[in-house]
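Structure first, then comments.
Readers should treat all values here as calculations from the given coordinates under stated rules, not as data from a laboratory. Bear in mind that the values here come from a model prediction, so they are computed numbers and not experimental data. We place every Cβ from the backbone using ideal geometry, glycine too, and count neighbours over all the protein chains shown.
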Amino acid sequence: MSSDGAQSSESRPSRTLILQAIELLRPHAALPSTMPLHDVLYRLSDMDMVSEEVEQALRELERMCQAHRIHPAVPTLIDVLSGWVSVPALTLEDVLDANGGLVDGTNPIVEVQRRLTRARETDVVLRRRIEQLEQENRSKARLSNGLAGVGAMLLIFTILGWLAATEQVLVPWTPPQEIPSEHKDAN
């Protein structure tokens, strides 16, 4: 086997190459189509498989790659295992079929153009909405900061007023007032 993992005279890819292929799937673990690809590769990593099992697993890997051709890791996976796995390249019709289908008789190029135009229009609408929401958020943040400032000032004045009223703090600019008492007049 060559050191770069290209096609060799061996009937199976090396364990190192299989583990490298499994690593290609790691960033895409959340995608539902990752698990079937992973399972076949994991099975291939078992070096105790007989050649019939290896051949069967490689054909199954080809079927999985064919079934999940739009998976982001499949093109690289096919390149890495090119000596053992061959899958026809994607066509425009395949991509359109995987993403909503193609109406019979519709030119694929016209369909792509229509979808791209619709995507641009949607993008413009969403960007405007995001800008509007951000502006509303900034406005509400300023209002909330202003109200918080007013609330803080009221709290400070309330605390100072309470402290002055309970004579905990003497306010020098206001002379203490005597409160007429009914008991003084009675004496």
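Principal-axis analysis of the Cα atoms of the chain puts helix 51-67 at an angle of about 50° to the longest axis. When +1 charges are put on Lys and Arg Cβ atoms and -1 charges on Asp and Glu Cβ atoms, the dipole computed for the chain relative to its Cα centre reaches about 720 debye.
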